[in-house]
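As structure tokens, the structure follows; a few thoughts come after it.
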Amino acid sequence: MTVAEYNKSVDDHSDGVYRFILKNLKNEDKALDIVQDTYEKLWLKVEEVSAEKVKSYLFTAAYHTMIDLIRKEKRMTGFEAEKHDQQINAEHYTGLSAILEEAVAKLPADQRSVIMLRDYEGYSYDEIAAITGLTESQVKVYIFRGRMFLKNYIGSIEAII
């Protein structure tokens, strides 16, 4: 990959990677840090990554960096802090998008990531499998389970409106 192709990948894909990470983490600063770390990793492997595969590489690297951060924070966060955060957010109805975001936030990290990649970013099952390192059948199972959880959590649209 040339420097021009690297710069083009920044222009073409940085917003998508940022949106994907932000939807998962809900923290702008952490999302920006992960995007920056991802492009740093790409720069270090600029000779090994082809321009045709750069999008897949970026989402894969960002996904793994995000998972590492989540695992690190889980070890550092105490039980009381998590319980306190949940009580603050459970106030009242603020709109359908807020309910959907709350429901997606309750999904396990793997299910949330594959649903975001499929439904928000529009990736195919095999592309998601390549990004996450899961098998295609695992991706399908996680998406199915995640969607079933969301369906049960949200209920019918008529009940919400």
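No lab work stands behind these numbers, since they all come straight from the coordinates. This structure is a prediction, so every number in the text was calculated from the model and none was measured. Don't worry about glycine lacking a Cβ; one is built from the backbone with ideal geometry, like all the others, and counts go over all protein chains shown.
List every residue pair whose Cβ atoms sit under 6 Å apart, with the two residues 6 or more apart in sequence or on different chains, where the first one lies in the range 6-18 and is farther than 12 Å from ALA31 by Cβ and the second, anywhere, is crowded, with 16+ Cβ neighbours inside 10 Å and of a type outside the set (S, T, N, Q).
Filtered contacts from the range 6-18: SER9/VAL54; HIS13/LYS55; HIS13/LEU58.
Looking only at the range 1-32, which residues are within 14 Å of the chain's Cα centre (by Cα), more than 17 Å from TYR120 (Cα to Cα) and in a helix (DSSP H, G or I)?
If the condition is that a residue be within 14 Å of the chain's Cα centre (by Cα), more than 17 Å from TYR120 (Cα to Cα) and in a helix (DSSP H, G or I), then GLU28, LYS30, LEU32 are the ones that fit.
Among the helices (runs of 4 or more DSSP H) contained in the range 101-158, which hold 3 or more residues that are of a type in the set (Phe, Trp, Tyr)?
136-154
Being under 25 Å from SER14 (Cα atoms) and loosely packed, with under 14 Cβ neighbours inside 10 Å is the filter here; which residues of the range 121-138 pass it?
Just the residues of the range 121-138 that are under 25 Å from SER14 (Cα atoms), to begin with: 121-134.
Correct list: GLY122, SER124, ASP126, GLY133.
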